[in-house]
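The values are calculated or read from the model by the stated rules, or taken from the named source; none is laboratory data. All values reported here derive from a predicted model rather than from experimental measurement. Note that we place each Cβ from the backbone using ideal geometry, even for glycine, and neighbour counts take in every protein chain shown.
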Amino acid sequence: MRYPLPERIGEPELLTGREKEFALFHKWIERIPKRLSKSRVILARRKSGKTAFIQRLFNQLWSENGKVIPLFFEIGEEKKWFPDFAIQYYCSFASQYISFLERKEPLVTMPMDLQAIKTWGKSKSHTYIVNDVNIIMRAKEDRFYGRIWELAYTAPERFAAALDHRFLVIIDEFQNLTEYIYRDKACETGKDETIAGSFHGVSESKIAPMLVTGSYVGWLVGILDKYLEAGRLKRFFMNPYLTPEEGLQAVFKYAEYYEEPITNETATQINQLCQSDPFFISCVMESEFEGKDLTTRQGVVNTVNFEISDRRSEMSMTWGEYIELTLQRVNDIHAKTILLHMSKHADRYWTPKELKETLEMDITPNEIQEKLRILVKADLLTEGISDIDFKGLQDGTLYLILRNRFEKEISNFEPDLKKDFNEELDQLQKDKKALRGKLNNLVGKFAEYQLATDFRSRKRFPLSVYFDGLSDDEKNVELNIINVKQRVKFHRPDGKEMEIDVLAESDCGRVVLVEVKKRKEKIGIKALQDFQEKCVFYEAQNKNKIKSILPAFLSTGGFTDNSLNFCREKGIGTAEGITWFFDNGKSFNHKNHGSGLREKG
């Protein structure tokens with residue numbers, strides 16, 4: 001797959017999970033050629049992963065080069081003069097359209113100007129583009145700026161109709177249209193809050209449907225209700241949290257890419273305290289906490305606490321900016337008390353009367369209701385079906401930030417988050433079955449990460465802890481791993497590229513090479529022969545650097561009898577899975593076939 005649109009998440013592999021969301025939107029996109037897909041809006045708070053999600057959709061569609069042409073436009077938080085914005089929008093459309101047709105990646109991020117677009121149009125006899133540019137240039141000279149904008153925002157639907165194309169128009173942070181586009185050139189007065197209404201008609205297009213996003217849910221919903229009424233955009237609320245299993249995957253991936261030491265046990269602890277929030281997990285991995293040590297339980301607790309509590313941490317600064325912006329219209333002790341209470345008890349709806357009685361507030365229910373409505377508009381609460389029902393956001397990360405910021409002011413005591421974190425991990429430790437299940441579910445999806453992580457965290461061990469079938473000479477030799485790599489690529493003499501899933505170097509000169517197959521069916525001899533070939537070539541290329549190769553094969557689907565015999569003949573270690581559980585701080589390993597439980601370390 002190609003990535004013409006650089007993804008904000010950074011390394012593409014860091015985008016973890018979202019399997020249900022991708023399945024839903026892929027099905028929606030597949031219906032676009034049949035004119036069956038209605039425009040949609042993704043609603044989610046900041047740092048919830050929606051931009052990474054829509055950027056991946058764009059890159060997938062661009063790479064597929066199929067029937068749906070993706071367009072991506074971000075409405076930034078910067079003031080723009082109306083005609084400049086309109087021309088920028090059209091140039092982005094035309095450049096991305098040409099990029100898709102010509103398979104030229106740079107045009108996605110380096111749009112052509114109007115003259116270059118016109119030149120391309122002439123060279124390809126594309127009269128629609130040439131005519132558009134001519135009209136835009138004349139309109140600019142005559143100061144008919146509304147005409148320029150009309151050509152810009154209708155371009156995808158016009159081209160789709162004229163050329164029998166299908167477009168997907170992706171607009172990130174749609175709500176900023178009403179805040180940062182100005183009719184005066186100095187961008188001091190004349191803010192155009194109605195520009196979102198331009199999309200009133202085209203949002204109903206079935207040949208160029210829209211997919212828009214917004215980080216300030218209440219603000220965007222207000223815009224949609226006012227300017228794109230009648231449900232023109234179907235609403236999808238994106239949960240900022242991954243599933244527990246996906247969260248664990250994110251922990252392992254971030255740990256690998258940031259080269260941050262962890263253990264399989266602390267991986268579950270990080271995921272638990274970060275509530276499977278990928279942004280929270282990334283903040284912990286990147287944390288500049290001076291005492292950061294993610295290989296111990298207390299180190300995890302201290303680092304998570306720092307990210308929540310220290311005003312200089314990335315987590316705290318990001319949320320602080322969000323809270324300050326959303327609370328600026330209702331910054332009083334009553335509003336903070338209401339917000340903290342409802343965030344803690346976000347599993348039910350509350351009425352103004354119930355809040356007055358429960359919190360013993362000295363203001364009237366009507367005053368409470370007014371504050372509740374403001375908090376809803378500030379994206380910190382949600383409304384129920386009834387006009388008097390309100391509910392806190394089921395957002396555990398937000399609740400932690402609110403506690404740290406407001407609990408002392410409201411309750412006159414400092415919140416002890418470290419104590420709460422330790423109690424949460426105590427409960428996790430007690431529920432060994434759930435903990436084991438979380439790690440077990442990962443095997444088959446992420447076995448190489450677990451294996452590499454445990455290789456890094458062990459001190460000295462024989463490879464037979466993990467794999468059966470090793471030669472008698474190597475079975476009990478202790479290894480002291482000094483370097484672990486994943487997805488190591490090298491080339492055969494004829495130039496063919498080969499890849500080792502997990503490579504671990506011991507200080508004694510031995511190198512462990514592990515192939516990981518995550519399939520339901522049993523592995524046959526062909527896969528084992530291919531792996532043996534890799535080992536032979538790797539050893540030949542590095543014979544002056546290493547003492548010997550220890551080959552091992554992890555197949556979650558098992559082995560056929562013939563393939564297992566082949567492994568025994570060639571001295572290839574075998575395992576079908578690794579299951580983990582914890583007892584009094586000790587970690588144990590059980591191979592699905594072999595000699596049972598062996599204690600780590």
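Highlighted here are the helices (runs of 4 or more DSSP H) found entirely within region 313-401 that include at least 1 residues which are basic (K, R): 333-344, 352-359, 365-377.
Among V251, V202, which is the only one that is crowded, with 19+ Cβ neighbours inside 10 Å and either free of Cβ contacts under 8 Å to residues at least 12 places away in the same chain or over 30 Å from L15 (Cα atoms) (or both)?
V202
Inspection of region 500-513 finds no residue satisfying the criterion of being touching a Phe, Trp or Tyr at 6+ places or on another chain (Cβ under 8 Å), buried (at least 18 other Cβ atoms within 10 Å of the Cβ) and either part of a loop (DSSP other than H, G, I, E, B) or of a type outside the set (A, V, I, L, M, F, W, C) (or both).
Yes/no matrix, rows are residues, columns are (1) more than 19 Å from A447 (Cβ to Cβ); (2) modelled with pLDDT of 90 or more; (3) of a type in the set (S, T, N, Q):
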position: V488; (1), (2), (3): no, yes, no
position: D501; (1), (2), (3): no, yes, no
position: E505; (1), (2), (3): yes, yes, no
position: Q532; (1), (2), (3): yes, yes, yes
position: N542; (1), (2), (3): yes, yes, yes
position: P551; (1), (2), (3): no, yes, no
position: T556; (1), (2), (3): no, no, yes
position: N565; (1), (2), (3): yes, yes, yes
position: E569; (1), (2), (3): yes, yes, no
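Is it the case, given these coordinates, that E307 is assigned to a helix (DSSP H, G or I), among the acidic types (D, E) and in contact (Cβ under 8 Å) with a residue 60 or more places away in the chain? The answer is no for E307. Do we have any residue at all in region 246-258 that's part of a helix (DSSP H, G or I), touching an Asp or Glu at 6+ places or on another chain (Cβ under 7 Å) and of a type in the set (K, R)? Looking for residues that are part of a helix (DSSP H, G or I), touching an Asp or Glu at 6+ places or on another chain (Cβ under 7 Å) and of a type in the set (K, R), one finds at least one in region 246-258, hence yes. Condition check for D472 on (1) modelled with pLDDT under 85; (2) touching a strand residue (DSSP E or B) at 6+ places or on another chain (Cβ under 9 Å); (3) surrounded by fewer than 14 Cβ atoms within 10 Å (Cβ to Cβ): one failure, at (2). Quick check, is S386 among the small types (G, A, S), outside the structural domain of D277 (by TED's automatic domain parsing) and either surrounded by 18 or more Cβ atoms within 10 Å (Cβ to Cβ) or touching a residue at least 60 places away in the same chain (Cβ under 8 Å) (or both)? No.
If I filter region 115-126 for residues that are buried (at least 17 other Cβ atoms within 10 Å of the Cβ), part of a helix (DSSP H, G or I), out of contact with any helix residue (DSSP H, G or I) (no Cβ under 9 Å at 6 or more places or on another chain) and assigned by TED's automatic domain parsing to the domain that holds F53, do I get at least one hit? No, region 115-126 contains no residue that is buried (at least 17 other Cβ atoms within 10 Å of the Cβ), part of a helix (DSSP H, G or I), out of contact with any helix residue (DSSP H, G or I) (no Cβ under 9 Å at 6 or more places or on another chain) and assigned by TED's automatic domain parsing to the domain that holds F53. Of everything in region 16-64, what is closer than 16 Å to M210 by Cβ, of a type in the set (A, V, I, L, M) and assigned to a helix (DSSP H, G or I)? Give them in sequence order. Across region 16-64, the qualifying residues are I29, I32, I54, L57, L61.
Among the residues of region 272-319, write down those that are more than 19 Å from G247 (Cα to Cα) and among the aromatic types (F, W, Y). F289, F306, W319, listed by residue number. Based on what the data block shows, is S48 outside the structural domain of G392 (by TED's automatic domain parsing), under 16 Å from P156 (Cα atoms) and of a type in the set (S, T, Y)? Spelling it out, it is not the case that S48 is outside the structural domain of G392 (by TED's automatic domain parsing), under 16 Å from P156 (Cα atoms) and of a type in the set (S, T, Y).
Every residue in region 167-193 that is surrounded by fewer than 21 Cβ atoms within 10 Å (Cβ to Cβ) and under 31 Å from the mean Cα position of the chain (by Cα), please. Selection gives E179, Y180.
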